[in-house]
Amino acid sequence: KLLIRDPKKTVAQAVLTSPRLTYKEIGLYASDKSLDGEIISRIARERKWTKHYSVLLSLVQNPKTPTAKTLTFLKSLRRRDLQNLSRARDVPGPVRRSAKNMINMRGSR
């Protein structure tokens, strides 16, 4: 847990390659707004991690996740999570607007 915060990026990158890493830990790393943006980007690029809803939701809520990746992840979110995201102030504006648009497109169910 401490190694992911190491100032040397190679150490933090090495943590992500550990076979003992769990999805719960990845979800915690993805939600950590103080982590380096490159680490967040690396997590967002890995399909084996983003196929888990909790990791995906953590990435979408993290402002350091690249906006392009976040916008592609929005399609997979549940309505309630989209609503929360559309009201969140710590996510980028385009993400917030896209969440509102998706809620409107899906209609009221």
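Loop-located trypsin sites (Lys or Arg not before Pro) in region 12-54 (DSSP state not H, G, I, E or B) with no more than 15 neighbouring Cβ atoms inside 10 Å: Arg20, Lys33, Lys51. The length gained on full extension between Leu16 and Gln83, counted as 0.36 nm times the residue separation minus their Cα-Cα distance, comes to 21.0 nm. Relative to its residue count, the chain spans a Cα convex hull of 92 Å³ per residue. Stretching the chain fully between Asp6 and Lys51 yields a gain of 13.5 nm (0.36 nm per residue, less the alpha carbon separation). The solvent-accessible area of Val91, taken with every protein chain present and a 1.4 Å probe, is close to 10 Å².
May I ask you to give the percent of accessible area on region 47-109 that is carbon plus sulfur, with a probe radius of 1.4 Å? With neighbouring chains kept in place, the figure for region 47-109 is 48 percent.
What 222 nm value per residue comes from the helices of the chain, counting each DSSP H run with n ≥ 4 as -39,500 (n - 2.57) and dividing by all residues, nearest 500 deg cm²/dmol? Result for the chain, helices only: -17500 deg cm²/dmol.
Loop-located GluC sites (Glu not before Pro) in region 1-57 (DSSP state other than H, G, I, E, B) with a sparse environment of at most 14 neighbouring Cβ atoms within 10 Å: Glu46.
Solvent exposure of the chain, expressed per residue, is 63 Å² of accessible area, with all protein chains present and a 1.4 angstrom probe.
The values are calculated or read from the model by the stated rules, or taken from the named source; none is laboratory data. All figures in this text were calculated on a predicted structure; none of them were measured in a lab. For neighbour counting, all protein chains shown are included, and Cβ atoms are generated from backbone atoms with ideal geometry for every residue, glycine included. All accessible areas refer to the heavy atoms of the entire protein, side chains included, with ligands and DNA or RNA removed. Shrake-Rupley method; radii C 1.70, N 1.55, O 1.52, S 1.80 Å.
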